[in-house]
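Nothing in this text is a laboratory measurement; each read-out follows from the coordinates by a stated rule. If you're wondering where the values come from, they're calculated on a predicted model, not measured in any experiment. Ideal geometry is used to build each Cβ from the backbone, glycine not excepted, and the neighbour counts take in all protein chains shown.
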Amino acid sequence: MNYAILIYDGPARFAKRSDPQHQPEVFGAIMRYIDELKQAGVYVDGAGLEPPPQAKTLRIKDGERYVQDGPYADTKEQLGGFFLIDVPDLDTALKWAARLPQENDRVLEVRPQLTPPAQESARRA
């Protein structure tokens, strides 16, 4: 089953990964983690996201579309990236999430991928 590891970073982490001086350290750790996922055969996909000021939020209200600058949630931690892994269960997904390089202002959310009912039936057949 596929699980998403959603990575929420605070302002300090976004600043660090945007700083050319710190990029080798930050991205080196992430690339080693990706290599571990691939060697274990659980890596499906993943991507880092640009900092929150680059985001746009689209809202639809009464059939009208409104575009707003910035991310959806106005919180300290913002979505900074994700991994999609294929593991047997939530406990295994949590173990992989725990291996992700951590810093104090990082929060991880692990969530199963939604499988539409028709795909679920076909998968069981």
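Send over the per residue convex hull volume for the chain, Cα only, as a whole number of Å³. Let's see the in-between values first.
Numbers: hull volume 16.1 nm³, N = 125.
Enclosed volume per residue, from the Cα hull, is 129 Å³.
Computed extension gain for residue 86 through residue 118, at 0.36 nm per residue and net of the alpha carbon distance, reaches 9.6 nm.
Taking all Cα pairs closer than 8 Å and separated by 6 or more residues, the relative contact order of the range 13-98 comes to 27 percent. Distance between the pseudo-spin-label points of residue 72 and residue 58 (7 Å out from Cα toward the beta carbon): 1.3 nm. Taken along the Cα-to-beta-carbon direction at a fixed 7 Å, the label points for residue 12 and residue 94 span 2.6 nm.
Once the range 15-61 is represented by equal point scatterers at the alpha-carbon sites, with solvent omitted, what log10 I(q)/I(0) does the Debye formula produce at q = 0.13, 0.18, 0.23 Å⁻¹? Results for the range 15-61 at q = 0.13, 0.18, 0.23 Å⁻¹ read -0.47, -0.72, -0.89. Counting only Cβ charges, +1 for Lys and Arg and -1 for Asp and Glu, the dipole size of the chain around its Cα centre is about 160 debye. Among 78-86, 28-36, the peptide with the highest mean count of other Cβ atoms within 10 Å heads the list, and the full ranking is 78-86, 28-36.
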